[in-house]
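Have a look at the structure below before the remarks.
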Amino acid sequence: MAGDRIAGFRSKSGSLISIYASRPSPGGFPALLSELTRSVRDRSADLDRSAEKSARNDCERIRALADRFEAEVAPAYAVFASEQDGLFEVQPLGHPTADVSMLGPRPYMRPLRAAPRLMRGALLIADRQNARLFVSRDGFVEELGGGFEADIGSRRFGGFAGYEEQSVRARADEAAARLWREAGDMLLAAHMDRRFDYLAVGCHEPDADEIAGNLHPYLSRLQRVVFSATPQKVSAQSLRAKVMSIEGDLRHARQSALAGRVCDTGWSGGNAVLGLAAVLEAANTQAIDTLVVAGPFSRPGSLCDECGHLSRTGESCPVCGHQMFDVDDIVAAAMDATVAAGGNVSQIEVATPLDVEGVGALTRFPVGV
Ligand SMILES: [Zn+2]
């Protein structure tokens with residue numbers, strides 16, 4: 001992933017600029033980039049002469065990107081630059097982000113780390129006669145296969161009227177079950193190829209359990225969403241808004257559960273820490289398994305670029321004695337440290353009990369504070 005490579009960028013003198021800019025209304029990039037680079041230029045006055053010059057030159061170069069950004073289509077861009085470290089990297093982003101500019105020894109990764117995780121979803125749209133399959137991937141929806149039709153047969157049985165009606169219905173049920181299983185087999189193959197995060201069943205809602213009951217257990221055990229739809233009336237295009245809303249709801253439910261788990265574990269004395277001071281301590285001891293941040297919560301702090309030590313305040317590093325850098329967002333530095341140590345980070349977009357603490361983490365072992 002590109003983010004891993006960028007996370008390794010360093011500037012010893014603290015002249016590394018990170019800028020995130022979301023597409024403004026047409027013609028707005030020149031003003032936006034001017035504004036974002038202005039605050040970097042102001043802050044660069046605190047650096048040594050050569051670092052300040054490097055940052056000023058980079059600001060010019062970044063402002064000159066406005067025409068290119070206007071002409072292209074990406075919803076947002078990230079730029080990382082430090083002339084004196086031989087670095088100038090422009091990354092188109094798939095999602096809008098907050099407009100932000102930072103200056104420091106390390107790249108500001110938080111907007112990348114906070115981006116919504118992409119999902120892969122299976123969509124089975126079916127009634128008793130027809131079934132269609134769609135796969136959503138990274139926000140795009142495409143149809144899988146050309147659709148399925150139940151083979152009801154046309155043979156009429158002789159015999160009593162009642163018996164005949166019963167047998168016709170039984171054959172229709174059998175044909176529907178076969179139809180769903182057949183469609184399910186194709187979905188299963190796609191699932192084995194690359195795992196789905198959820199299964200959405202679009203149907204006449206009372207049929208949902210019966211449809212799911214005819215699928216392979218791998219599919220029927222996936223987190224399931226049911227919505228009202230008929231196979232004749234859907235298209236990849238028309239399902240896109242539905243998929244966005246399904247994935248938004250799933251993401252929020254998972255975030256809410258995760259934040260609740262961190263709080264419950266912390267409050268009950270388990271392997272979790274709550275609050276910024278405890279999280280920084282846990283990050284410094286590489287104890288964090290999963291770092292969870294409540295929305296935009298951030299605080300300034302200090303970072304030792306030499307050994308990576310994080311603290312709320314400090315001139316020199318208590319571990320290695322080097323001069324520490326002031327950073328505007330020490331939470332972002334804790335996210336970087338967590339990922340570097342093999343842990344996960346999650347930024348919560350919904351209100352949860354974690355809002356009171358700002359930040360918390362599940363830890364691999366108990367952390368004394
Ligand atoms: Zn240090």
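Residues in region 80-92 that are open to solvent by less than 30 Å² (accessible area, probe 1.4 Å) and under 18 Å from ASP336 (Cβ atoms): PHE80, SER82, LEU87. Filtering region 312-327 to residues that are near the ligand (Cβ under 10 Å from one of its atoms) and either out of contact with any Cys (no Cβ under 6 Å at 6 or more places or on another chain) or of a type in the set (Val, Ile, Thr) (or both) leaves GLY314, SER316, PRO318, VAL319, GLY321, GLN323.
Of the strands (runs of 3 or more DSSP E) lying entirely inside region 213-320, those carrying at least 1 residues that are closer than 24 Å to VAL350 by Cβ are 224-228, 272-274, 288-294.
Taking the criterion of being crowded, with 19+ Cβ neighbours inside 10 Å and either closer than 25 Å to LEU118 by Cα or modelled with pLDDT under 95 (or both), the residues of region 259-269 that qualify are ALA259, VAL262. Among the residues of region 179-200, at least one is open to solvent by 90 Å² or more (accessible area, probe 1.4 Å), within 17 Å of ARG120 (Cβ to Cβ) and assigned to a helix (DSSP H, G or I). Of all residues in region 270-319, exactly one satisfies the criterion of being of a type in the set (S, T, N, Q), open to solvent by less than 50 Å² (accessible area, probe 1.4 Å) and more than 26 Å from SER11 (Cβ to Cβ), namely THR290.
Mind listing just one residue for me: the one in region 294-310 that is within 18 Å of GLY360 (Cβ to Cβ) and not hydrophobic (A, V, I, L, M, F, W, C) and, of those, farthest from the ligand (Cβ to nearest atom)? Within region 294-310, the match that is farthest from the ligand (Cβ to nearest atom) is GLY295. Do you know which of the residues in region 327-355 that are touching a Gly at 6+ places or on another chain (Cβ under 8 Å) and in a strand (DSSP E or B) is surrounded by the fewest Cβ atoms within 10 Å (Cβ to Cβ)? The residue in question is GLN347. Looking across region 328-358, the residues that are free of Cβ contacts under 8 Å to residues at least 12 places away in the same chain and either within 16 Å of the ligand (Cβ to nearest atom) or not β-branched (Val, Ile, Thr) (or both) come down to GLY342, ALA351. When LEU118, LEU103, LEU123, LEU112 are screened for being under 30 Å from ASP305 (Cβ atoms) and under 21 Å from the mean Cα position of the chain (by Cα), only LEU112 passes.
The values are calculated or read from the model by the stated rules, or taken from the named source; none is laboratory data. The shown structure was predicted, so the numbers you read here are calculated from the model rather than taken from an experiment. Methodologically, a virtual Cβ is constructed for each residue, glycine included, from the backbone with ideal geometry; neighbour enumeration extends over all protein chains shown. The protein model used for the area step is the full one, side chains on, heavy atoms only, and it has no ligands, DNA or RNA in it. Shrake-Rupley method; radii C 1.70, N 1.55, O 1.52, S 1.80 Å.
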